Amino acid sequence: MANAIPLLEGTDASGGYLVRDTYGQTIQDGILRESAVMSLARVDRVPGKRQRYSVYAGRPTAAFVSEGAAKPTTGAEFKEVVVNIKKIASQVIYTEELLEDAVEDPRVLVNADVQAAIADLIDAHALGYAAGSAITSSFDSYLTNTSQTVELGSTGDALATAVSSALTLIEGNGYNPTGIILASDGRGHLRDARRAAETTAPVYTASYEREPDTLYGNPIRYSSNLPKFSATKAATKIVGIVGDFTHAVAAMRRDISVRTTDQASVDVSGTVQHLWQQNKIAAQWETRLGFQTHDLSKAFVIIKDAT
């Protein structure tokens, strides 16, 4: 058996098998699964700092005409949706001793948490809520800013009724609903729902099976950024959103890139970390994307729990 000298990543047999070629894409795919919004929205790969979409917004009409009569003429209209690309980044510092002595490479273990942090940040700014509180979004639009609302109500089948009402509003505006996002404790809400007349039988979980994956054919996703069903009722309490997510666009400029250095100085909340002098290594994860919606107040409806 041949022994490679030196071991290096340039040749598979010499060590290249240990270096994953799809490192950034693997993390990105995870974000698409972790993010409630991005798992439902349209995700486009884009080449620049800004992406423009032409939207056909017209609706011509037709009419019966008599023989020899003039035909009616109607117009059409196009609009434009602009998605501005934003940068998202995360940085972690390690000591060289930790990397040398650890049984498992901590950089690999941290990847999952970085992935979750980026997914959570995307959801928060796409929804306009973070950890149950309203925030100012860094994206061009956010879903909870729609003017269409329905009230949750307090009966056992209140959620099904609210979702149905939201679907009706969206369909009445000419759109086709494609998804539902609920607060993180929505699973428990679905499992615990009981009708007043029959308190032992769950509304959504026949034979006490798990909560449903869909309601009225629309897939359900969950986000910890929306206010919980169990929280105190309030006018600002938005526990869910229903919409036509084909009109929500996540424009991806760049997959997550991972860089490391031991040569820089890094400011951590006012304390400067001198990497080379202190035998430390900084790992940096970075991605660029934008989020935008078209016809927000017609294609999306929020579910409030105010009364």
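Here, each number is a calculation from the coordinates, and none is a lab measurement. Everything numeric here is computed off the predicted structure, so don't read it as measured data. A quick note on method: Cβ atoms are made from the backbone with ideal geometry, for glycine too, and the neighbour counts reach across all protein chains shown.
Values as computed for the structure displayed
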read-out	value
Candidates Gln115, Gln278, Gln51, ranked by Gaussian network fluctuation over the chain, Cα under 10 Å, top entry	Gln278
Angle in degrees between helix 106-127 and the longest Cα principal axis of the chain, rounded to the nearest 10	20 degrees
Nitroxide proxy distance, nm - points 7 Å out along Cα→Cβ at Ser133 and Ala102	3.1 nm
Entries of Lys228/Lys298; Lys86/Lys228; Lys79/Lys304; Lys228/Lys280 with Cα pairs more than 32 Å apart	Lys228/Lys280
The chain: angle of helix 23-34 to the longest principal axis, Cα-based, in degrees nearest 10	30 degrees
Top of Ala112, Ala264, Ala158 by mean-square fluctuation, Gaussian network on the chain, Cα under 10 Å	Ala264
Euclidean distance of C-alpha centroids, segment 254-307 and segment 145-192, integer Å	31 Å
Sparse-neighbourhood loop sites, GluC sites (Glu not before Pro) in segment 56-101 - DSSP loop, at most 12 other Cβ within 10 angstrom	Glu67, Glu77
Gain upon complete extension [Lys49, Thr199; 0.36 nm per residue less C-alpha separation]	48.5 nm
Anchor Lys237: aspartates and glutamates whose Cα lies under 16 Å away (excluding residues fewer than 8 positions away in-chain)	Glu151, Asp185, Asp305
Reachable aspartates and glutamates from Lys49, criterion Cα separation under 16 angstrom, eight or more residues apart if same chain	Asp140, Asp255, Glu286
Full-stretch length increase - Asn279, Ala69 - with 0.36 nm per residue and alpha-carbon distance subtracted	66.9 nm
Residue of Ala63, Ala117, Ala196 that the Gaussian network model of the chain assigns the largest fluctuation, springs spanning Cα pairs under 10 Å	Ala63
As computed over the chain, the Cα convex hull volume per residue (Å³)	263 Å³
Local electrostatic count at Asn176 - Lys and Arg +1, Asp and Glu -1, tallied over other residues with Cβ under 13 Å	-2
Rotationally averaged projected area of segment 183-255 (alpha carbon convex hull; nm²)	7.4 nm²
